[in-house]
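Shown next, in structure tokens, is the structure this report addresses.
The values are calculated or read from the model by the stated rules, or taken from the named source; none is laboratory data. No experiment lies behind these values; they were computed from the predicted model shown. Every residue, glycine among them, receives a Cβ derived from its backbone with ideal geometry; neighbour counts consider all protein chains shown. Please note that ligands, DNA and RNA were not included when accessible areas were found on the heavy atoms of the full protein model with its side chains. Shrake-Rupley method; radii C 1.70, N 1.55, O 1.52, S 1.80 Å.
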Amino acid sequence: MGSRSTSAMKPFGNIENDLETGKLDKDRDRTARVHRVLKIHNQALLSGLAYCISSCSMILINKFVLSSYDFNAGISLMVYQNLISVIIVSILSFLGIISTEPLTWRLVKVWLPVNVIFVGMLITSMFSLKYINVAMVTVLKNVTNVITALGEMYLFSTHHDSRVWAALFLMIISAISGGVTDLSFHAVGYAWQIANCFLTASYSLTLRRVMDTAKQVTKSGNLNEFSMVLLNNTLSLPLGILLIFVFNEVDYLSRTPLLSLPTFWCVMTISGVLGLAISFTSMWFLHQTGATTYSLVGSLNKIPLSIAGILLFKVPTSLENSTSILFGLLAGVFFARAKIRTRSQT
């Protein structure tokens, strides 16, 4: 009887053990799920912070080099920054950390028109930043969205809804009112910035047309961000060196005492590293979140950048100008949200 009752109890004991094991497994799964969610959230937050810090720092350091150091060789600065990017990407590719496409003559021929616009975009950005404060540069860059939207309509028959056009109209108003109330208005700087808006929009539109052709002439049939960085920066070097002679920056470089300062070289090198960091962190952030969050954060990021630019460089401003700048920044956020809604509807 005793042995029979003991054997009869065993199945119930096993059932209890199974239930306890099942509870433990569920708890373990729940804990693992929580850890996974926290990890994803932390990765998204970290990548977002890295993207915002690198993009803000790049513009502020460029402004510091061009204005505070009064460095009058913007093309040379661009060439040095691009050289730093080429060296770092090449080392990472050689070590197998990243993968890049080999630069073939067929790819270079296809990409050359894009690269010419790319170089023009960087140079005009340097020249405008020397004369205009960071906040106004940020607001004036909104005009690029207007030109791009018109280009998309003409070239790709893209339809934009009323919310997008309303945001674009607000951007134009803020750019005009900001320029009129700018206490440190500089006609040369504004001319360079308008040219930069057209070139930036042209780069974006040309990239869309060329990308498919470029992919077809690569060995893998693809062209990732790292390959684009290497391609753009490598091709920009000979063109940039040619422009250094055309704009006679060689004479200035031979006379300026700045090139004998180790701190100046350190700041220039940091700006080159940050330029590359923007590409890496934007890819990381986009991968961790998505195009919607990336677009919205990019617009919101302009607000602290503008405030930092005004405070760090002691920009003279007025209530009217500050209001115009804020209006323009909010118009940028409104535009990002309008584009997100349009994208979700289509």
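Restricting the first member to segment 176-188 and to residues that are touching a residue at least 40 places away in the same chain (Cβ under 8 Å) and closer than 13 Å to Ala135 by Cβ, and the second to residues that are in a loop (DSSP other than H, G, I, E, B) and among the polar types (S, T, N, Q), the beta-carbon pairs closer than 7 Å and six or more apart or on different chains are Thr181/Ser318; Leu183/Thr317; Leu183/Ser318; Ser184/Asn133. Would you call Ile88 within 19 Å of the chain's Cα centre (by Cα), among the β-branched types (Val, Ile, Thr), in a helix (DSSP H, G or I) and closer than 28 Å to Thr256 by Cα? Yes.
The sole residue among Tyr131, Tyr80 that is crowded, with 16+ Cβ neighbours inside 10 Å and over 30 Å from Thr317 (Cα atoms) is Tyr80.
How about segment 151-169: which of its residues are open to solvent by less than 50 Å² (accessible area, probe 1.4 Å) and either of a type in the set (Phe, Trp, Tyr) or within 25 Å of the chain's Cα centre (by Cα) (or both)? Matches in segment 151-169: Gly151, Glu152, Thr158, His160, Val164, Ala166, Ala167, Leu168. Identify, from the list Ser236, Ser227, the residue that is within 21 Å of the chain's Cα centre (by Cα), farther than 19 Å from Val79 by Cβ, small (Gly, Ala, Ser) and not in a loop (DSSP other than H, G, I, E, B). Testing whether each residue is within 21 Å of the chain's Cα centre (by Cα), farther than 19 Å from Val79 by Cβ, small (Gly, Ala, Ser) and not in a loop (DSSP other than H, G, I, E, B) leaves just Ser227. Please go through segment 107-137 and give me each residue that is over 18 Å from Leu207 (Cβ atoms) and either modelled with pLDDT under 90 or among the small types (Gly, Ala, Ser) (or both), ordered by number. Ser128, Ala135 - these are the residues of segment 107-137 that are over 18 Å from Leu207 (Cβ atoms) and either modelled with pLDDT under 90 or among the small types (Gly, Ala, Ser) (or both).
Ser236 falls short on exactly one of the conditions (1) of a type in the set (Gly, Ala, Ser); (2) open to solvent by less than 20 Å² (accessible area, probe 1.4 Å); (3) under 22 Å from Tyr69 (Cα atoms), and that condition is (3). One residue alone among Thr293, Thr263, Thr281, Thr269 is of a type in the set (Val, Ile, Thr), open to solvent by 40 Å² or more (accessible area, probe 1.4 Å) and either under 30 Å from Ser174 (Cα atoms) or in contact with a helix residue (DSSP H, G or I) (Cβ under 6 Å, 6 or more places away or on another chain) (or both), and that residue is Thr293. Only one of the numbered conditions (1) open to solvent by less than 30 Å² (accessible area, probe 1.4 Å); (2) within 22 Å of Ser279 (Cβ to Cβ); (3) within 20 Å of the chain's Cα centre (by Cα) is not met by Ser202, and that is (1).
The C-beta contact set for segment 55-67 (first residue under 19 Å from Met283 (Cβ atoms), second residue modelled with pLDDT under 95 and outside any helix (DSSP H, G or I), distance under 7 angstrom, 6+ apart or interchain) comprises Ser55/Asn301; Cys56/Asn301. The numbered conditions (1) open to solvent by 50 Å² or more (accessible area, probe 1.4 Å); (2) modelled with pLDDT of 90 or more are all true for Leu274 except (1). Flag: Met136 matches the condition of being of a type outside the set (Ser, Thr, Tyr) and either within 20 Å of His186 (Cβ to Cβ) or open to solvent by 40 Å² or more (accessible area, probe 1.4 Å) (or both).
Screening Ile241, Ile173 for residues that are open to solvent by 50 Å² or more (accessible area, probe 1.4 Å) and closer than 27 Å to Asn145 by Cα leaves exactly one candidate, Ile173. When Ser254 is tested against (1) within 30 Å of Ala336 (Cα to Cα); (2) small (Gly, Ala, Ser); (3) open to solvent by 60 Å² or more (accessible area, probe 1.4 Å), just one condition goes unmet, and that condition is (1).
Here is a yes/no grid of residues against (1) out of contact with any Leu (no Cβ under 7 Å at 6 or more places or on another chain); (2) modelled with pLDDT of 90 or more; (3) among the hydrophobic types (A, V, I, L, M, F, W, C):
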| position | (1), (2), (3) |
| --- | --- |
| Cys266 | yes, yes, yes |
| Ile278 | yes, no, yes |
| Thr293 | yes, no, no |
| Lys302 | no, no, no |
| Ser318 | no, no, no |
| Ser344 | yes, no, no |
